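**Student:** Have a look at this one.
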Amino acid sequence: MAKDSSKTPPAAGKTSGNGSRTQGPTCLQKLSVATYIYFIPFFIVCNLLCLTNKYTALLWFLYTLYINVGPGRWAAKNASWPKLGRKLGWWRHCADYFPTQLIRTADLDPDQRYIFVVAPHGVVTMFCWPCFDTDATDFSKKFPGIDIHPMTLEINFRVPFMREFLLLHGVVDASKAACLMTLGKGSGQAILLAVGGAQESLLARPGTYDIILAKRKGFVKVALQTGAKLVPVIGFGENELYHMREVKPGSMRDKLQRFLKAAFGFTLPNAIGKGLLWGSGLMPFNRPLHTVVGAPVEFDPSAALKDNPEAGLDALVDAYHAQYVAALKQLWNDHKDKYDSGRRKSLDIVE
């Protein structure tokens, strides 16, 4: 049973050589995190600036056509770009800001294919950037031979500059076509999905792990179709990075969140963190992040159909999904006391 405590983990700081803790993160650590937190508004501004000049506006329009309806749209699906941004030392400052730790609980066979399924989504899925989108926590050393491609909304690849930033970090869009194309490249291929999505981001309360998973089964169908193994991942501390303000049902904020989710697949949680320089803002609180990667789920289709050989695909999907849920809960139980002793409640699949 989870401990009933509202205590929040202490803020992480820089540790000196004698083991004493200094005041907060360094300037470089803040700027590195800000690069991730603010990259969307930054690139939107860049696009708007292109429209202020008739020459750059024409080039912008032609390039936008190329990446949306031309051959350029396939780069977000086939993971063909070199991952030049993933190895940048700049991102180690991002990992140290919290600080962030990537914990391996089992080896992964590079002759297999994998789908990393992460939870919780949190406000910005911050733990995924230093652990999977970049090599800041030594993913390549801990999982040699695994070529991982985190996935995000397709709309992010329709915007010039932002598209290139993501592609250079190995990110692809979260469509079924991209899943099949990326995993279909062969052994050692892996994708990463935050299946709770926008709906789960609205549940990101400190001390809680409310997960949207019960009806999310598309990733299981992809696993069965490609032969990929499901890997449960829990980002302990993700929901501690922001304070969440309650949104009154029927309010303008509530209507805006619902509209964005329905129209674009994302939303804007009413979250508040730190300011880049002072006060409150969009920067996450620097609290420890522990990303625990579980062992791959070993699913045997023949065993699942043993009692009902005539059962169809839906039965296999349900059986594999149930096995993944069990593995996720076991991973939680194995590590919750070590990495989140101050939680208010246990991991809960609420929908």
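**Student:** Looking at the range 325-351, I want the residues that are within 15 Å of V292 (Cα to Cα) and of a type in the set (A, V, I, L, M) and have a partner that is open to solvent by 60 Å² or more (accessible area, probe 1.4 Å) and in a helix (DSSP H, G or I) with Cβ atoms under 8 Å, at least 6 apart or on another chain. Which pairs are those?
**Tutor:** Listed pairs, sorted by first residue: L347/K329.
**Student:** Here is a follow-up. When you scan the range 270-286, do you find a residue that is small (G, A, S), more than 21 Å from the chain's Cα centre (by Cα), at pLDDT 75 or above and open to solvent by 80 Å² or more (accessible area, probe 1.4 Å), even just one?
**Tutor:** Yes, some residue in the range 270-286 is small (G, A, S), more than 21 Å from the chain's Cα centre (by Cα), at pLDDT 75 or above and open to solvent by 80 Å² or more (accessible area, probe 1.4 Å).
**Student:** Is it the case, given these coordinates, that L347 is more than 18 Å from E238 (Cβ to Cβ), at pLDDT 85 or above, surrounded by 15 or more Cβ atoms within 10 Å (Cβ to Cβ) and of a type outside the set (F, W, Y)?
**Tutor:** no
**Student:** Next question, about the same structure. Take the residues of the range 237-246 that are over 19 Å from C128 (Cα atoms) and assigned to a loop (DSSP other than H, G, I, E, B): which is modelled with the highest pLDDT?
**Tutor:** R245
**Student:** Right, another one. Residues of the range 212-221 being surrounded by fewer than 18 Cβ atoms within 10 Å (Cβ to Cβ) and within 11 Å of Y320 (Cβ to Cβ), which ones?
**Tutor:** Initial filter on the range 212-221 (surrounded by fewer than 18 Cβ atoms within 10 Å (Cβ to Cβ)): 214-215, 217-218, 221.
K217, K221, listed by residue number.
**Student:** Ok, one more. So which residues in the range 40-77 are surrounded by 11 or more Cβ atoms within 10 Å (Cβ to Cβ) and part of a loop (DSSP other than H, G, I, E, B), if there are any at all?
**Tutor:** L51, N53, G70
**Student:** Hey, among R158, R104, which residue is within 17 Å of S80 (Cα to Cα), in contact (Cβ under 8 Å) with a residue 40 or more places away in the chain and surrounded by fewer than 24 Cβ atoms within 10 Å (Cβ to Cβ)? Lay out the reasoning, then the answer.
**Tutor:** Numbers: R104 fails: within 17 Å of S80 (Cα to Cα).
It is R158.
**Student:** Being β-branched (V, I, T) and either over 25 Å from P284 (Cα atoms) or open to solvent by less than 20 Å² (accessible area, probe 1.4 Å) (or both) narrows it down to one residue among V172, V195; which is it?
**Tutor:** V172
**Student:** Consider the range 222-236. How many of its residues are open to solvent by less than 10 Å² (accessible area, probe 1.4 Å) and assigned to a strand (DSSP E or B)?
**Tutor:** 7
The values are calculated or read from the model by the stated rules, or taken from the named source; none is laboratory data. Quick caveat, the model's predicted, so the values are computed rather than measured. Cβ coordinates were reconstructed from backbone atoms using ideal geometry, including for glycine residues, and neighbour counts include every protein chain displayed. In case anyone asks, the SASA skips ligands and DNA or RNA and just uses the protein heavy atoms, side chains included. Shrake-Rupley method; radii C 1.70, N 1.55, O 1.52, S 1.80 Å.
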